[in-house]
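Take a look at the structure below.
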Amino acid sequence: MKQLERVWLIALKDLKIFMNDRTAAFFFIIFPLMFIVLFNTVMKGIGGEDTRLELHLATQEAAGSLSYHILGAMETTDESLLKPGDPKIVWDKDYDAARQAVENKKLAGFIAFPADFTQALSSGNSTSLEVYADAGNINARAALNGLAGAISSQIGTNEVIIKASVALLIEGGVISPTDSAGINKAVQQMMTGYFSGATNTGASYITFKTDKVGEVVAMNPSNYVVPGYLVMFVFFASAIMAESIVRERKNHTLERLLASSVRREAILGGIFTGAAIRGLIQIVIFWGVGILVFHVDMGLSPAAVIILSILMVIMSAAFSLMLATLARTQRAAGSLAVITSLVLAPLGGCWWPLFLYPQWLQNIAKITPHAWATDGFNKIMVFGADFGAAVPSMIALLAFALLFGLIAVWRFRTSAT
Amino acid sequence: MIAKDLHKSFGDFKAVNGVSFSINKGEIFGLLGPNGAGKTTTIRMLSTVLAPDSGQIIIGGHSMKSEAEAIRSIIGVCPQDLALYEDLSAIDNMIFFGRMAGLNSQDARTQAMANLKLMGLEERAKGKVAKFSGGMKRRINLAIALMGNPQLLFLDEPTVGIDPQSRNNIYENILGLQKKGMTVLYTTHYMEEADRICQRVAIMDGGKIIAMDTPYQLKSQLGSPDKVTLEDVFLKLTGRSLRD
Ligand SMILES: Nc1ncnc2c1ncn2[C@@H]1O[C@H](COP(=O)(O)OP(=O)(O)O)[C@@H](O)[C@H]1O
Ligand SMILES: [Mg+2]
């Protein structure tokens, strides 16, 4: 009990020192918020809050074909039914005009159903959707690819069911196996039925897809700008505090503590707790400003966002402690803090959303705790996933925290003799 | 306090090379020697901060190896280098270290005020340490060591580089503490300082104790104790002057 009380007293002492330090407060709060404001403004250019993401579709088939029915079902007819973040589906009736629009950079891209779509599906041949997009517009391309994938998988699922149904019809003697025209008609009817069925629910067909696609960029850039900078600055502010821990060692106050009745674990625990409380203050301010000023949307699971934030704080505090035990001088601790923060932040998706990176870079990014954290935030806040989707990120952050913490304890034991 | 055959090397360098001495209860014991003699290293080992390579330490009947915790609860340390939180006030520093020594909040505050008063700093209690003069910081550094009423006090060059007024204040306080029954280990490289307040002194050089006795006895070996200084004793023993 006494040792726990001392942990708390050491943390309080650190907080008191921190509160007196104006430069520290600047780096903790003001500086990060300046970045958020700046980048939020810049990112608005990619997708402003009021302009909804529009996904264009077209078909090369004639009226009455299967793709006509699908497009009819998917097209957004009443925009007021869309939820924030839902894309608007636009049906471009003229395929050639749409192509021209992309060439002229008037349109970022569109998905087209091929001329043989109905024929291929009813005869069981494969066919492919065409994504026609401006190569430079990564966001639009990613979104269109995602949507195309979703449409194909939906069609694929339906096809399996339809084939099974047709087989049943043949077996039951309703259609003759040699009557290919009859089979075609049945398939087409059923396929159309599946897609027309979606019309009743309006936008719900697309909403369902949006979850599955997972690549539709959110409309409010704050939804990834705020978490990105939260991750970067919580880590940075914490890491930079390693310098003050080393300073404590240099100031010989650590020596005084070592000669007093405080256990070594309690000293380490106190420093850690102080760092964690500072981080918690930081995230409360971040989310407060994010929600009140930038209208960030915590998605389906605010709980996951909060847990991720807290784990981010714990991991950062552990990192700071590790850095302090590894660095010999104040200067070394400070430089290491700045370097690791500046390298890990962009690599871990704090500056640009990770899902825009090429796959190989996304894989490398997984070695950073930042990537796990931003990935978790993005899943919830950008892609509208639920709590479960963020669990791997939570586990990874916890693992990083444990690793850093163990190294710190081990170094502290061996160096403070 | 008993120290037996302490050794400590940093790499190949033997900073402390077989040091043995003991201090009686209620005594002010001086550890003298030039810079680099190994005084601070010895104190760091005695105050449980640094593990000796070999040797034995017993304080208040507790062995360092098995009862370091018990030793920590009866010692107070005033390190050679200022060990203060510059960004906190004097009183906050005192209370914090008092609580670390195991005092409750009430006792820590009472003792902090009493010790600040002792050091003549009660008016500056709420002042930030960073704004204090060197002498004032030294006095706070010493005052913190008194928190928790330790039985044995380690003072490592508590008067280095300060004004005569602060220095005299510190001398008086050390003598006052002794009257209250405190045992003191005092290191310094000012020989006249040791002569003035210590009952017994050990002279250290190159990691070894080269002489140990009362200042009077040490000086008598050279001549009339009134005319000889400990400085001369050191010169005689090592062939070197202290201040070079
Ligand atoms: N942590 C350390 N690492 C390496 N050398 C050290 C360390 N601490 C002390 N020394 C060396 O040990 C010698 C004795 O130092 P110290 O005990 O501080 O002497 P004193 O206090 O008598 O001036 C010095 O030469 C010093 O450079
Ligand atoms: Mg010294």
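The table below lists the values:
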item	result
Surface share of carbon and sulfur [accessible, 1.4 angstrom probe, percent] for the protein assembly as shown	59 percent
Estimated [θ] at 222 nm from DSSP helical runs (n ≥ 4, -39500 (n - 2.57)) normalised by residues in chain B, nearest 500	-10500 deg cm²/dmol
Per DSSP, loop trypsin sites (Lys or Arg not before Pro) in region B:158-234 with at most 15 further Cβ within 10 Å	B:LYS180, B:LYS227
The protein assembly as shown: antiparallel DSSP beta bridges as a percent of all, rounded to 5	45 percent
Protein heavy-atom accessible area occluded, A/B pair - total, 1.4 Å probe, Å²	2500 Å²
Residue of B:GLY134, B:GLY161, B:GLY207 that the Gaussian network model of chain B assigns the largest fluctuation, springs spanning Cα pairs under 10 Å	B:GLY161
Low-density loop positions, trypsin sites (Lys or Arg not before Pro), region B:6-41 - DSSP coil, at most 13 other Cβ in 10 Å	B:LYS25
B:LYS180-A:ILE30 FRET efficiency (beta carbon distance; Förster radius 41 Å; 0.05 resolution)	0.20
Among B:LEU185, B:LEU82, B:LEU153, residue whose mean-square fluctuation peaks in a GNM of chain B (springs only between Cα atoms under 10 Å)	B:LEU82
Region B:56-103: trypsin sites (Lys or Arg not before Pro) in DSSP coil with no more than 16 other Cβ atoms inside 10 Å	B:LYS65
Ranking by accessible area, most exposed first, for A:HIS295, B:HIS62, A:HIS370 with a 1.4 Å probe	A:HIS295, B:HIS62, A:HIS370
Rg/Rg_globular for region A:272-417, with Rg_globular taken as 2.2 N^0.38 Å and Rg from C-alpha atoms	1.10
Centroid-to-centroid separation of region A:58-102 and region B:71-135 [C-alpha atoms, Å]	76 Å
Positive-end residue, region B:77-150 charge dipole about Cα centroid, Cβ charges, pick of B:MET119, B:ALA143, B:SER105	B:MET119
Cα-based shape type of region B:1-157, given that a ≥ b ≥ c are square roots of the gyration tensor eigenvalues and the cut on a/c is 1.5	prolate
Rg over Rh [alpha-carbon atoms, Kirkwood Rh] for the protein assembly as shown	1.24
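The values are calculated or read from the model by the stated rules, or taken from the named source; none is laboratory data. Computed from a predicted structure; not experimentally measured. Using ideal geometry, Cβ is built from the backbone for each residue, glycine included, and neighbour counts are taken over all protein chains shown. Heads up: the accessible areas ignore ligands, DNA and RNA and are worked out on the full protein's heavy atoms, side chains in. Shrake-Rupley method; radii C 1.70, N 1.55, O 1.52, S 1.80 Å.
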